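Every number here is computed from the coordinates shown, using simple stated rules; none is lab data. None of these values were measured; they are calculated from a predicted model. Cβ: placed from backbone, ideal geometry, glycine included. Neighbour counts: every protein chain shown.
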Amino acid sequence: MAGKETGTTASEATETTKTTETAGTAGTAGIAGTVETARATASGGSPATVTRVWATRLVVVGIVLSAVNLRPAITSLGALLEEVRDGLGMSGSVAGLLTSVPPLCFAVFGVMAPRLARRFGPAAVVCAGMAAVTAGLLIRPYAGSTAGFLAGSALALMGIAVSNVLMPVIVKRWFPDRVGSMTGLYSMALAAGTALAAAVTVPLTDTLGGSWQTGLAVWGGLAAVAVLPWVPLVRDRGTAPAPAPAPEAGAGAHARAERQPPALRITRSRTAWALAVFFGLQATAAYITMGWMAQIFRDAGVSASTAGLLLAVTMVMGVPLAFVIPRVATRLPHQGPIVIALGVCGLAGYAGLYLAPAGGAWAWAVLLGIANCAFPLALTMVGMRARTGAGVAQLSAFAQSTGYLISIPGPLLVGVLYQHSGGWGLPIALMVGLMIPQMAVGVLAGRNRIVEDEAATTAA
């Protein structure tokens, strides 16, 4: 899969992101609103400048709303997993398969994102992705069977997958000098949406009559709102016409404007591989947590609503930390110390789940929430480990697609171990065993390296 991705997306990802000047021109082409133009002309300002400002504002709103909708499809299901299992007649192994669907879809569909962005533009792809999320969330509760539920989930997760990959690309293109702060804002919004779904799904379901179908379908309305900011930007292709060469420059300047950077062989970079494995292992831990942690607490005697709140606490820890960690990471030459600190918190949380799952439930939820902030750290390192926008696009697609492939067996294996052992000892031991290599590869990925340089050196 990695080899195929690098063979097809390098040239395609090259055109996905451009410089800040290109972003302004493309934003102008995407939303040339007559109202803003008239106001700018009347006030003596530049219409292009006003339109660029409004385009930037729309991008910020779109990033935040899209990020809010990237996890409720998963955490709302985790809060109602027992009800869904009973309603559809699922075994523990099938439920484990259900919790493995998100990383599978992210791996399969995420690799398509650079190609789609090159053809239609990243804004249009994210807009379509949010529409797919809306449709999937509305369809899956009423499909009437396990297969139909999986199909509806896959549709929603397909939209999430392409948005996952393109968010760092959009940040790099529109805000190249604010990668840390914008990644923090995006990650904070993602954590807020994740926590919101975990916290309110159960009480919202009770308020709406107690039907788990309604409790899951209601999140489709929130996803529909995220479609709106991208609609005026769908004509933005992420490129702008090359400026005409000056008369004295002649054909040589025009040729240089037309020339594309060489294709990046991402698989030749050790840092890219380290980042992909780190991304995969942190995703494994995150989806095990989102899919199974509420069930761990419920089996320990905690009520369903309290278990949902505990999962929400885990997710909400990412709201402040997802904003702080990227900003700190961009100021450090090596992100290894952050990786180690997050891993230690994860190990402590797993130990607590094993020794006293109900007695110290709130403390374990906080510790695991801190550990889950490896996700915004990984996104930040994607933006830091590549020099160009095209490099970020390709590294993002490679790290996320390969990483999500790595994460697929984890939640499924937890379900199998839980069903056959009758307890949580073996699943928790698996989580602990995966945290150690996550810390090791995270330290390697955190070194001050550039994937373009590594790929060129290896090729030479």
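Would you mind counting up the charge near residue 63? Only other residues with Cβ under 13 Å from its Cβ, with Lys and Arg at +1 and Asp and Glu at -1.
Values: positive: 57, 172, 173, 178; negative: none.
Residues close to residue 63 contribute a combined charge of +4.
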Next on the checklist: How large is the convex hull of the C-alpha atoms of region 257-365 per residue, in Å³?
Outcome noted: 160
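For region 295-332, which trypsin sites (Lys or Arg not before Pro) are both in a DSSP coil and crowded by at most 13 other Cβ atoms within 10 Å?
Passing both the DSSP loop test and the Cβ count: 331.
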Next on the checklist: Using only the Cα atoms of region 359-450, what are the Rg and Dmax in Å?
Outcome noted: 16.3, 50
Checklist outcome for this item: Sorting 233, 97, 204 by the position of each Cα along the dipole of region 78-235 (Lys, Arg +1; Asp, Glu -1; all at Cβ), the one nearest the positive end of that ordering is 233
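Could you tell me the calculated FRET efficiency between residue 457 and residue 332, based on Cβ-Cβ distance and R0 = 22 angstrom, to the nearest 0.05?
On the way: r = 24 Å, r/R0 = 1.08.
In this case the efficiency is close to 0.40.
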Checklist entry - Hey, what's the per residue convex hull volume over the C-alpha atoms of region 158-224, in cubic angstrom? => result 85
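So, by mean Cβ neighbours within 10 angstrom, what's the order for 393-404, 266-277, 345-356 with the highest one leading? All intermediate terms of the calculation are to be shown ahead of the outcome.
Working: 393-404: 29.5, 266-277: 23.4, 345-356: 19.4.
Ranking, from highest mean packing down: 393-404, 266-277, 345-356.
Per residue, how much space in cubic angstrom lies within the convex hull of the C-alpha atoms of region 67-191? Spell out each step's value before the answer.
On the way: hull volume 11.9 nm³, N = 125.
It is 95 Å³ per residue.
With only alpha-carbon pairs counted, each pair once and no self-pairs, how large is the Kirkwood hydrodynamic radius of region 299-428 in angstroms?
On the way: mean 1/r = 0.0605 Å⁻¹.
It works out to 16.5 Å.
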Checklist entry - So for the pair residue 225, residue 448, with labels modelled 7 Å out along Cα→Cβ, what separation do we get in nm? => result 4.3
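Report the gain in length on full extension from residue 419 to residue 208: 0.36 nm times residue separation, minus Cα-Cα distance, nm rounded to one decimal. Present the calculation step by step, with values, prior to reporting the outcome.
Working: separation 211, 0.36 × 211 = 75.96 nm, distance 3.16 nm.
Result: 72.8 nm gained on full extension.
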